[in-house]
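See structure below.
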Amino acid sequence: MASMTFDGIGKTFPDGTVAVANVSFSVADGEFVVLVGPSGCGKSTLLRMAAGLETLNSGRLLMDDADVTETEPQDRDIAMVFQNYALYPHMSVYDNMAFGLQQRKMPKDKIDKLVRDAAEMLDLTRYLERKPGALSGGQRQRVAMGRAIVRHPMAFLMDEPLSNLDAKLRVQMRGELKLLNQRLGVTTLYVTHDQVEAMTMGDRVAVLKPVFNGQESNLQQIDTPQMLYDKPTNLFVAGFIGSPAMNFVRVELTAEAGSLKAAVTGTKISFSIPAKATLSAYAGRQVIVGIRPEMFQVCPESEALFNEQVPVAEALGADTFVFFDIASPPVNINDAEDTEDFPNKGKNRLVARIPPALTPRPNQLLPLTVDLEKLHWFDPVTGTAIRD
Amino acid sequence: MSRRHTSFNTALTYAAGLLFLAIFVGPILWFIALAIRPAETAFTMPPQLTFEPNLDAFRHILVDPGTNAPQLVNSLIVAIGAVLLNLPFSVPAAYALSRFKLRGKKNIMLWYLGLLMAPPVAFLIPYFILITRIGLQGSYFSMILVLQTLTIPFSVWLMKSFIDEVPVELEEAARVDGARWYTIMLRITLPIVRPGIIVTSMFAFVFAWNNAAFPLVLSSRSTATLPIGTLGYFATSGVTWNYIAAAAVLAMIPPMIIFLVFDRYVVRGLTFGSVKG
């Protein structure tokens with residue numbers, strides 16, 4: 001087992017595409033860290049760098065304080081689980097799991113014991129003589145896991161290992177993987193594009209986004225799932241974590257005696273909040289407010305902040321998600337800089353989570369208020385969170 | 001209406017099938033007939049469809065001293081030798097061209113293609129001089145060696161396409177598992193492309209088997225292959241068509257046996273991309 005440190009990692013492909021830039025973070029010994037982000041955010045490239053399958057142009061990679069930047073994958077003592085499992089099709093399950101141990105010149109009886117123990121743990125004993133082609137998707141996934149754990153490596157690297165499974169099996173395997181990690185206590189770096197998977201599995205989650213030049217960094221925030229949800233550092237993280245995503249609304253801030261008045265851009269909606277030091281500095285300017293869907297509450301019409309028609313309601317049983325439009329310019333979270341001059345047209349669609357009993361009829365007006373204390377505030381130019 | 005339409009289509013399909021069969025199998029059948037009919041009826045006009053079959057021509061080419069039986073053995077030695085010399089070079093070369101970052105990789109592949117497209121006749125004289133200089137003329141090895149100029153380029157192209165089909169992740173998994181490139185090649189990639197190796201061997205065999213140009217200048221009387229023997233019947237004293245036909249029929253048998261035995265590998269080899277593990 002080992003810790004892992006990414007120190008100023010950068011990778012530019014020969015055609016000039018910047019895949020990874022300025023990524024620095026550490027994974028503690030035994031920690032389960034998830035890399036999450038949309039496609040093209042460099043998460044798989046980072047994982048492949050950790051495996052040694054991809055070279056890096058700048059920065060260092062440390063394992064237990066030893067520099068492994070130039071070390072071949074063969075010599076890193078890590079195990080990797082691939083998205084398509086990459087099982088050796090011509091070998092039995094047993095040989096698939098034994099292959100890595102054989103490469104380490106381990107005695108046969110020891111290999112046999114390790115393989116059988118791992119098979120037992122993963123409920124694969126019955127399938128040891130089968131070829132991967134004769135297994136179901138879930139079984140293949142377990143064999144891929146078995147091939148990794150049988151070696152007792154210093155770290156596990158997992159590249160979207162559950163994405164080829166059907167939804168039900170994925171949820172089940174998610175739990176099993178997490179249990180397995182807790183039981184084995186092996187340092188794990190896990191890549192996914194599914195933020196639910198990231199939130200449920202990671203001790204900490206690193207949110208990455210695509211970069212376009214070497215000055216930016218892919219890494220937006222690395223923190224516990226709850227912290228990412230409660231205190232996102234910027235618009236990108238706020239918009240990426242949470243399902244349905246956080247709502248963003250542009251407001252004009254003006255200072256009043258002891259308070260700040262926020263008027264929703266393009267509408268007559270406005271509200272007041274107690275003056276706060278950092279936010280007060282934005283008085284007279286536009287800022288972006290983030291509202292999680294569960295921060296809305298259905299209220300009497302007299303107290304309503306929003307009172308809009310609801311064209312779409314999604315009843316999920318335990319909750320209902322209602323969608324409504326306000327006549328305010330939408331916020332594009334992917335490039336915050338460009339949006340300030342966004343033409344003042346179009347509608348901003350918001351989503352609120354309400355109890356099913358209060359589900360409105362189609363196109364009925366729904367009076368909603370918001371817990372103003374919990375609002376997230378963002379700088380419209382840099383996208384960073386404004387917090388006291 | 002629609003049923004009638006279907007049966008018309010079926011009839012058309014069968015008609016097309018029969019036409020192709022006639023084009024491909026017709027000449028073979030005609031040659032077999034030529035081998036077993038009396039020599040003097042070979043080119044009678046109109047063609048004589050009935051005749052008394054005899055095996056005189058086969059008896060002559062196989063049993064009579066100094067004819068084709070030893071040449072059949074020579075052909076087998078040369079063709080099998082060509083395959084055995086071919087694989088240890090073409091398979092690793094194809095692997096390297098498929099997997100490694102090599103400078104001028106494209107040029108190498110084009111160079112191979114050029115070798116394949118060049119007429120063998122163009123090489124005959126240089127090879128003859130070269131082989132004579134190093135004292136190999138008339139040996140089996142000289143033919144086996146020179147045939148590689150045809151079989152290796154073809155085999156490398158064919159093998160590379162098979163190896164390209166093997167997902168790189170498998171090799172990456174093996175690298176992470178601690179295997180070096182030679183272990184990966186021998187224990188992961190080559191076993192997976194085994195159908196491809198068999199198909200490549202078959203093609204190399206048939207290439208060598210059918211080749212007449214190189215043995216024509218490189219073989220001696222005792223190492224001459226079957227195509228040379230067949231050419232020998234075009235004598236100044238007249239063309240003995242039944243002997244030629246019998247020798248040609250004989251020459252068809254080994255490749256046919258090979259294709260029948262390895263039939264399933266051919267199918268698997270040619271549909272390789274669709275059966276990924």
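The values are calculated or read from the model by the stated rules, or taken from the named source; none is laboratory data. This one's a predicted model, so the numbers in the text were calculated from it and none came from an experiment. Ideal geometry is used to build each Cβ from the backbone, glycine not excepted, and the neighbour counts take in all protein chains shown. The area values use the complete protein model at the heavy-atom level, side chains included, leaving out ligands, DNA and RNA. Shrake-Rupley method; radii C 1.70, N 1.55, O 1.52, S 1.80 Å.
Pick from B:T240, B:T200: which is under 24 Å from B:V146 (Cβ atoms) and away from every other protein chain (no Cβ under 14 Å)? Spell out the reasoning first.
On the way: B:T240 fails: under 24 Å from B:V146 (Cβ atoms).
None of the other options fit; the residue is B:T200.
Could you list all residues from region B:167-193 that are more than 9 Å from chain A (Cβ to nearest Cβ) and assigned to a loop (DSSP other than H, G, I, E, B)?
B:V193
With the condition being open to solvent by less than 60 Å² (accessible area, probe 1.4 Å), in contact (Cβ under 8 Å) with a residue 60 or more places away in the chain and touching a strand residue (DSSP E or B) at 6+ places or on another chain (Cβ under 8 Å), I'd like the helices (runs of 4 or more DSSP H) fully within region A:105-223 carrying at least 1 qualifying residues.
A:137-149, A:167-184, A:195-201
For region B:168-193, which positions are in contact (Cβ under 8 Å) with a residue 40 or more places away in the chain, of a type outside the set (A, V, I, L, M, F, W, C) and more than 20 Å from B:K105 (Cβ to Cβ)?
Scanning region B:168-193 gives no hits.
I'd like the full set of residues that are of a type in the set (G, A, S), more than 19 Å from A:N247 (Cα to Cα) and either in contact (Cβ under 8 Å) with a residue 40 or more places away in the chain or surrounded by 14 or more Cβ atoms within 10 Å (Cβ to Cβ) (or both), limited to region A:281-291. Give the derivation first.
Filtering region A:281-291 down to residues of a type in the set (G, A, S) leaves A:281, A:283-284, A:290.
Keeping just the survivors that are more than 19 Å from A:N247 (Cα to Cα) gives A:281, A:283-284.
If the condition is that a residue be of a type in the set (G, A, S), more than 19 Å from A:N247 (Cα to Cα) and either in contact (Cβ under 8 Å) with a residue 40 or more places away in the chain or surrounded by 14 or more Cβ atoms within 10 Å (Cβ to Cβ) (or both), then A:A283 is the only one that fits.
So, in region A:335-369, how many residues would count as being among the charged types (D, E, K, R) and at pLDDT 80 or above? Give the derivation first.
So the first thing to find is which residues in region A:335-369 are among the charged types (D, E, K, R), and the list is A:335, A:337-338, A:340-341, A:345, A:347, A:349, A:353, A:361.
Restricting the remaining residues to those that are at pLDDT 80 or above gives A:347, A:349, A:353, A:361.
Residues that pass the stated criteria total 4.
Could you list all residues from region A:91-122 that are under 16 Å from A:L184 (Cβ atoms) and of a type in the set (D, E)?
A:D117, A:E120
Which one of B:I129, B:I61 is open to solvent by 50 Å² or more (accessible area, probe 1.4 Å) and either assigned to a helix (DSSP H, G or I) or modelled with pLDDT under 90 (or both)?
Working: B:I61 fails: open to solvent by 50 Å² or more (accessible area, probe 1.4 Å).
Answer to the selection: B:I129.
May I ask you to say which residue of A:L189, A:L165 is closer than 30 Å to A:V18 by Cβ and more than 11 Å from the chain's Cα centre (by Cα)?
Numbers: A:L165 fails: closer than 30 Å to A:V18 by Cβ.
Going through A:L189, A:L165 in turn, just one is closer than 30 Å to A:V18 by Cβ and more than 11 Å from the chain's Cα centre (by Cα): A:L189.
Among the residues of region A:51-71, are any under 14 Å from A:L189 (Cβ atoms), within 14 Å of chain B (Cβ to nearest Cβ), open to solvent by less than 40 Å² (accessible area, probe 1.4 Å) and in a helix (DSSP H, G or I)?
yes
Name the residues in region B:218-277 that are at pLDDT 85 or above, outside any helix (DSSP H, G or I) and open to solvent by less than 60 Å² (accessible area, probe 1.4 Å), would you?
Within region B:218-277, B:S219, B:S220, B:T223, B:A224, B:T225 qualify.
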